[in-house]
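Novice: Pasting a structure here, questions to come.
The values are calculated or read from the model by the stated rules, or taken from the named source; none is laboratory data. Just so you know, these numbers come straight off a predicted model, no measurement behind them. Heads up, the Cβs are rebuilt from the backbone with ideal geometry, glycines too, and the neighbour counts pull from every protein chain shown.
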Amino acid sequence: METLTETHARAVARLGYALSDPGRARILVRLRAGAATPSDLVALLGASKQAVSNHLACLRGCGLVEAERQGRSQLYRLTWDGLAQAIDALAALTLQVDPQCCGPDGCRCP
């Protein structure tokens, strides 16, 4: 097994931070399927443009999403194809552990 460094630990922490907010997590899950505009994400989240903009700025800062100008808009996508697979694996793990354990109201794990 490869030894993980402090750099690896910081990268995992960034992903954990990004996933710790339901809005950011929903954006990442949506971007697994392909690129989207901020307007697409506003409609998905039912949130304000400002809230989505803040989430996207955080995700860009964490190095998880990137933007490309498309006319007058930006098109956001995951920075690495492997991130989609990692999100899938994390979702599968969460569902295997206990899908009812942690929710929007906090963790209720024993």
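Novice: Between a first residue in region 51-72 that is over 16 Å from Leu41 (Cα atoms) and a second residue that is among the basic types (Lys, Arg) and not in a loop (DSSP other than H, G, I, E, B), which pairs have beta carbons less than 7 Å apart while being 6 or more apart in sequence or on different chains?
Specialist: Correct list of pairs: Cys62/Arg14; Gly63/Arg14.
Novice: I would also like to ask the following. Do we find a residue being assigned to a loop (DSSP other than H, G, I, E, B), at pLDDT below 95, in contact with a strand residue (DSSP E or B) (Cβ under 8 Å, 6 or more places away or on another chain) and exposed (fewer than 11 other Cβ atoms within 10 Å of the Cβ) anywhere in region 69-81?
Specialist: Looking through region 69-81, none of the residues is assigned to a loop (DSSP other than H, G, I, E, B), at pLDDT below 95, in contact with a strand residue (DSSP E or B) (Cβ under 8 Å, 6 or more places away or on another chain) and exposed (fewer than 11 other Cβ atoms within 10 Å of the Cβ).
Novice: Only one residue in Val52, Val29 is of a type in the set (Val, Ile, Thr), assigned to a helix (DSSP H, G or I), out of contact with any strand residue (DSSP E or B) (no Cβ under 9 Å at 6 or more places or on another chain) and under 12 Å from Arg77 (Cα atoms), so which one is that?
Specialist: The unique qualifying residue is Val29.
Novice: Also, I was wondering about something else. Which residues, counting only those in region 55-68, are of a type in the set (A, V, I, L, M) and in a strand (DSSP E or B)?
Specialist: If the condition is that a residue be of a type in the set (A, V, I, L, M) and in a strand (DSSP E or B), then Val65, Ala67 are the ones that fit.
Novice: With Ala86, Ala91 as the choices, which residue is within 14 Å of Leu19 (Cβ to Cβ), among the small types (Gly, Ala, Ser) and at pLDDT below 85?
Specialist: The unique qualifying residue is Ala91.
Novice: (1) modelled with pLDDT under 95; (2) surrounded by fewer than 17 Cβ atoms within 10 Å (Cβ to Cβ): which one isn't true of Ser53, the others all being true?
Specialist: (1)
Novice: Starting from region 9-30, take each residue that is closer than 16 Å to Ala51 by Cα and at pLDDT 85 or above and list its partners that are of a type in the set (Gly, Ala, Ser) and surrounded by fewer than 16 Cβ atoms within 10 Å (Cβ to Cβ), counting only C-beta distances under 7 angstrom and pairs at least six apart or across chains.
Specialist: Cβ pairs passing all conditions: Gly23/Ala51.
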